[in-house]
1. Cα to Cα, under 23 Å, and not fewer than 8 places away if on the same chain: which lysines meet these conditions relative to K181?
2. Take every DSSP beta bridge with both residues inside the chain and express the antiparallel ones as a percent of the total, to the nearest 5.
3. Taking the mean number of other Cβ atoms within 10 Å as a proxy for protection, how do you rank 93-105, 46-58 from highest to lowest?
4. Hey, got the dipole for the chain? About the Cα centre, +1 on K and R Cβ, -1 on D and E Cβ, debye to the nearest 20?
5. At a 10 angstrom cut-off on C-beta neighbours, averaged per residue, how do the peptides 186-198, 7-19 rank from highest to lowest?
6. Rounded to whole Hz and in sequence order, give me ³J(HN,Hα) for the range 48-61 from the Karplus expression 6.51 cos²θ - 1.76 cosθ + 1.60, θ = phi - 60°, writing x for Gly and Pro.
7. Could you list, bin by bin from short to long, the percent of Cα-Cα pairs of the range 42-184 in 10 Å steps?
8. Per DSSP H run of at least 4 residues, take -39500 (n - 2.57); add these up for the chain, divide by its residues and hand me the 222 nm value, nearest 500 deg cm²/dmol.
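Just so it is clear, none of the values below were taken in a lab; they were calculated from the coordinates. Everything quoted here is computed from the prediction, not taken from an experiment. In this analysis, Cβ positions are derived from the backbone assuming ideal geometry, glycine residues included, and neighbour counts consider all displayed protein chains.
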Amino acid sequence: MTTARYRRIVLKLSGEALSGEAGFGLEPSIIQSVSRQVKEVAELGVEIAVVVGGGNIWRGKVGSEMGMDRANADYMGMLATVMNSLALQDSLENQGIPTRVQTSIEMRQVAEPYIRRKAIRHLEKKRVVIFAAGTGNPYFSTDTTAALRAAEIEADVILMAKNNVDGVYNDDPKLNENATKYDQLSYMDVLNEGLGVMDSTASSLCMDNDIDLLVFSIMEEGNIKKAVMGENIGTIVRGK
């Protein structure tokens, strides 16, 4: 069996990545593609945790701009991530991959509550664990959730799968055809240059805990496996 570079990963999926070109809702073909790619990686023996966003259904920031209480708007966003997580779980299990959803907000009829030691045990048993409902606290993004959970479960890397870009650029490549793609960056570069890879809280958490981040495109089938095998795709962010 080919040896993967990473033993345990956190796959970060934005809600938009699950919505396809529509930008909202769920696109079945995209979810099925992600599931097939996760199955490829699971068959290599890699332990996989997933953090899913909810922006394809609801964004707390939008609600706040509408005049809603920010905490309430963020809790709605957390519920959106649960919906996405359950959809992904169903698709993975249709691929024959044992899966558990753990939520930061307790809803036992729907999923397990997040318990760190239990999550690690699931991973050791080669179950895919999907972390839903963010950190369980308003004002924190799912990027921060990915960084926090990666630190807690001692993941080797965060794979940040994007649907609209294949790495980190010095400018928006859709607006500037001369934008330059980075092969490698430090977290200090990301913070100092305001590159918007992930929010500053998440970036600082990754930097402080020495967690690598690989930003790549989810739209090309097989890219998750390529990332896990250490092939030269996307942009890697490391250290200080």
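1. K12, K162, K225, K226, K240
2. Of the beta bridges lying entirely in the chain, close to 15 percent run antiparallel.
3. 46-58, 93-105
4. Once rounded to the nearest 20, the dipole reads 920 debye.
5. 7-19, 186-198
6. Once rounded to whole Hz, the list reads 10, 10, 10, 10, 10, x, x, x, 6, 10, 7, 10, x, 4.
7. 11, 35, 32, 18, 3, 0
8. So the helix-based figure for the chain works out to -11500 deg cm²/dmol.
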